[in-house]
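Below is one structure, written out as structure tokens, with a few remarks after it.
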Amino acid sequence: MRRVQSVAKSVLVNNKSTQSLFNIQSQRFYAQQAKVAQYGQFGALNEVVKVENVTLPDLKADEVLVKFLAAPINPADINAVQGNYGKTASSFPAVAGSEGVGVIEQVGSNVKNLTVNQRVIPAQPGLGTWRTHAIVKADALQTVSNDIPVEYAATIAVNPCTAYRLLNDFADLKEGDVIVQNGANSMVGLAVIQMAKARGIKTINIIRERPNKEYVIEKLKELGADIVVTDNYANTANMKRLVSDLPKAKLALNCVGGQAARTVARFLGEGATMVTYGGMSCQPIIIPTSPFIFNDITLKGFWLSRWVETHSKEEREKMLNDITQMIKSKKLVYFTETFKFSDFNSAINASMEPMRSRKVVLKLDE
């Protein structure tokens with residue numbers, strides 16, 4: 001504290017304004033406690049991740065102080081803590097959470113592109129968002145609209161962006177074209193349905209057998225799905241009759257793997273593509289020979305983290321702006337369930353419930 005006082009005295013002696021004094025003092029960040037969900041080793045989420053108090057470091061010239069508002073618990077977060085995801089912690093302790101939204105509370109003296117009270121999200125996954133506050137490099141953040149609900153801002157960066165890229169990067173889709181997907185009731189699947197509907201693209205949607213399948217089918221159709229069936233029904237003769245009036249699918253989206261991948265491949269037309277972006281079944285992709293020989297299909301993979309790393313900030317901003325406009329115009333809706341950060345264990349348990357219909361979101365300021 002003595003150093004700051006001496007700087008302030010020097011400023012006053014040199015007849016600087018009160019505003020200048022404030023600017024100088026604002027460049028120094030005083031030690032503050034943050035609550036952080038961190039882990040010291042790989043393992044099960046509910047065993048190794050603990051919420052602890054951490055003292056934040058001083059604010060450097062190229063850094064900002066972020067107050068986090070909300071962050072979801074994604075399947076990728078669970079896998080990252082387990083150590084079996086594409087990008088995992090390189091050192092411990094590590095902070096969990098791949099996406100979320102915060103607000104800038106303080107900026108370093110060299111930061112020009114961010115200002116106090118701006119909403120921000122991580123520029124790339126891996127920042128660690130399950131915490132109340134953090135000191136981070138300014139270039140590790142990207143702004144996001146203040147005009148959408150905080151739960152939407154917290155979950156905009158992964159699932160909706162994945163859906164956006166799947167529909168834009170792998171097939172020349174036009175109005176009246178058909179796509180097919182499994183895992184259709186996942187958050188990516190729901191976003192695909194709504195984004196496709198807005199473009200006049202027809203969707204064949206496959207879900208797992210479940211006790212509440214009638215409710216799920218009704219919900220997906222309300223969002224704009226054209227056909228919704230269970231995986232068992234999708235392999236019957238009745239399914240062939242159901243889709244007989246539709247063109248063959250140009251694109252198949254696979255987030256399950258195993259036999260579910262084989263099922264969506266059955267609906268592909270000549271020269272079509274199947275994109276795998278997840279492996280919820282933890283089983284190898286099973287595709288028969290005939291679609292390759294007689295339909296010349298292509299199999300590809302997609303990982304949003306790699307897309308973000310290999311594309312410009314401007315391209316990501318355009319994508320986020322497009323998605324934001326869909327949210328504001330009610331063409332894209334999410335289904336979330338919020339938990340206070342103080343009830344962290346309940347949030348973890350809820351996130352691991354099978355066949356959930358809502359994304360778990362941590363309210364980090366509660």
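The residues of the range 120-167 that are among the polar types (S, T, N, Q) and closer than 30 Å to S109 by Cβ, listed by number, are Q124, T129, T132, Q142, T143, S145, N146.
Of the conditions (1) outside any strand (DSSP E or B); (2) of a type in the set (G, A, S); (3) touching a residue at least 60 places away in the same chain (Cβ under 8 Å), G279 clears all except one; give me its number. (3) is the only condition that G279 fails. Please determine whether any residue of the range 205-214 is assigned to a loop (DSSP other than H, G, I, E, B) and in contact with a Gly (Cβ under 9 Å, 6 or more places away or on another chain). So far as the range 205-214 goes, yes, one or more of its residues are assigned to a loop (DSSP other than H, G, I, E, B) and in contact with a Gly (Cβ under 9 Å, 6 or more places away or on another chain).
Can you pull out every residue in the range 56-101 that is under 23 Å from Y334 (Cα atoms), free of Cβ contacts under 8 Å to residues at least 60 places away in the same chain and outside any loop (DSSP other than H, G, I, E, B)? Matches in the range 56-101: D77, N79, V101. Being of a type in the set (F, W, Y), assigned by TED's automatic domain parsing to the domain that holds L127, part of a helix (DSSP H, G or I) and closer than 29 Å to Y39 by Cα is not true of F339. When the range 159-194 is limited to residues that are farther than 24 Å from R210 by Cβ and aliphatic (A, V, I, L, M), the one that is surrounded by the fewest Cβ atoms within 10 Å (Cβ to Cβ) turns out to be L173. The set of residues in the range 195-226 that are of a type in the set (G, A, S), surrounded by fewer than 23 Cβ atoms within 10 Å (Cβ to Cβ) and without any contact (Cβ under 8 Å) to a residue 60 or more places away in the chain comprises G200, G224.
A residue that is without any contact (Cβ under 8 Å) to a residue 12 or more places away in the chain, surrounded by fewer than 13 Cβ atoms within 10 Å (Cβ to Cβ) and closer than 29 Å to M274 by Cβ occurs somewhere in the range 354-366.
The values are calculated or read from the model by the stated rules, or taken from the named source; none is laboratory data. Not measured: the values here are computed from a predicted model. Quick reminder, even Gly has a Cβ in these numbers, built from the backbone with ideal geometry, and neighbours come from all protein chains shown.
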